[in-house]
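The structure appears right after this line, and notes come after that.
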Amino acid sequence: MYANQTFFRGHLILIAVATFLLTGCLPPPAENNSSTQDVNVTTGNSNANLSNNVSSMTSESRSDVLVTMPVIDAMFADEGFAQAVRTAVSLTDEELTKVKNAAREAVLQLNGDPAEDARRSTKSTTESTRRDLESLIGKQKAGDLIAFVQSRWAGDTQSQPVGEPNSVPTDSRVVVNAPAYRMDVFRDGKLTKTYKIGIGYPEFPLPTGLREAKEIIFNPSWTPPDEPWVKGKFSPGKKVEAGSKLNPLGLIKIPIGLPSLIHGGKDPARLGTFASHGCVGLTNSMVQDFALEIAALGGTSLSLNDVKAHAKTKDETKNVKLTSPVPVELRYETIVVEDGKVRVFRDVYELGTNTEENLRKVLSNFGVSFDSLSDSEKSELKDAILRMAVDAKGNMVAGNAENGNNSSGRVTRSIKGAKEVVVDVAALKGKGYPAAVGLVQK
């Protein structure tokens, strides 16, 4: 859920700082980062990555990456971040402490009770974060700090261009489109399999960009963080062993950069809706099937018998390195042309993508002018983008700044109303992104 698509402004930021009983997309406590059995990803030379100068960010990339207080709190989990941000933003020790405490307090206010269905707005949360930082350290330093955080997180995206909207890969890669709740496997430019997925909550959006999968981790363990929602079945800092029924990561996790994962453990009911804190969620049977697909893309020998054998030894964590990294392209495309149809998806992350301007650009990408369409087609398309220009609660995205309520600290878990509208357009017949192939959805 992207990168280098100029009209979408679609670089989302992974807010991987919170978890509760049903999710597992988060970095564990810093002291456990040395073990691949306990961590979700390997971060590499974090101090070197964090030394990026704020001035290296372009104004466009800064505004495209969303930053919230939980994101900043996640940054402080890295030992080198505090010193790096102090130097880059010229923060005093007192200012650094204020920021760190405020970020931690924001995380502590989050509530993970699945029975609750209150609303936080992605857009308004980023706006309130800027206001809070300005009150703590001033407008100039607040802007510099946000730019530095954006630079750090954007640094995990690969530099290769992703292509035009709705572009069809010509190579072998995995493509995830968050608003469509869809993950596709391409081999040499041909779509071979499609998976229905669960995505990150609006408050914890799936990130965007071109990333890489380098390993498959069977039977991962999980270390709950020291957070207020870790209660009951879990003890903060006490590892949940591989194979435990309480392990929210399921049978397999596949790191795709920073704390983001493709992993199992999801209930089928969470597919096609919100399911995680910034990860791609699958059921255990689906992630086993996907492991075979991504291993093949990576040139790694992995058989169904191998997968079944790992499932039988659930208490043994096994890392399988891919011979070649597999590109994983995370998109946020709410307007998709697909063989004579325009599919308009709900703008669940409130990016304001469902506009006539964006519609015209998507159509133009396939050699069709909006003005050349019939009156009925134009009317249906305008109605579609208007109906889908709403967030998960059915509120118009344009009104989020006024309507968003950040006081509850709870995540949005359900989607009210239709998730997409489909419009037939004669001039698009035979054009567009391929329809789902061999759809796996349980």
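Apart from one condition, residue 339 fits all of (1) at negative phi; (2) assigned by TED's automatic domain parsing to the domain that holds residue 416; (3) out of contact with any helix residue (DSSP H, G or I) (no Cβ under 6 Å at 6 or more places or on another chain); the exception is (1). In this entry, residue 227 passes the filter for residues that are modelled with pLDDT under 65 and not assigned by TED's automatic domain parsing to the domain that holds residue 416. Across the range 288-342, the qualifying residues are those that are assigned to a helix (DSSP H, G or I) and among the polar types (S, T, N, Q), and the one among them that is nearest to residue 170 (Cα to Cα) is 288.
Residues checked against (1) at pLDDT 85 or above; (2) crowded, with 19+ Cβ neighbours inside 10 Å; (3) part of a helix (DSSP H, G or I):
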position	(1), (2), (3)
55	no, no, yes
60	no, no, yes
87	yes, no, yes
114	no, no, no
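The residues listed here are 422, 368; of these, the one that is in a loop (DSSP other than H, G, I, E, B), among the aliphatic types (A, V, I, L, M) and modelled with pLDDT of 95 or more is 368. Condition test on residue 306, is it modelled with pLDDT of 95 or more and in contact with a strand residue (DSSP E or B) (Cβ under 9 Å, 6 or more places away or on another chain)? Criteria met by residue 306. In the set (1) closer than 26 Å to residue 433 by Cα; (2) modelled with pLDDT under 95; (3) touching a strand residue (DSSP E or B) at 6+ places or on another chain (Cβ under 7 Å), the condition left unmet by residue 352 is number (3). Look through the range 76-85, keep the residues that are under 19 Å from residue 136 (Cα atoms) and surrounded by fewer than 23 Cβ atoms within 10 Å (Cβ to Cβ), and return whichever of them is modelled with the lowest pLDDT. Of everything passing the filter in the range 76-85, 76 is modelled with the lowest pLDDT.
Could you say which residue among 302, 282 is touching a helix residue (DSSP H, G or I) at 6+ places or on another chain (Cβ under 7 Å) and surrounded by fewer than 24 Cβ atoms within 10 Å (Cβ to Cβ)?
302
Any residue in the range 208-216 that is crowded, with 24+ Cβ neighbours inside 10 Å, at pLDDT 95 or above and more than 30 Å from residue 366 (Cα to Cα)? Among the residues of the range 208-216, at least one is crowded, with 24+ Cβ neighbours inside 10 Å, at pLDDT 95 or above and more than 30 Å from residue 366 (Cα to Cα), which makes the answer yes.
The values are calculated or read from the model by the stated rules, or taken from the named source; none is laboratory data. None of the values given here were measured: they were computed from a predicted structure. Quick reminder, even Gly has a Cβ in these numbers, built from the backbone with ideal geometry, and neighbours come from all protein chains shown.
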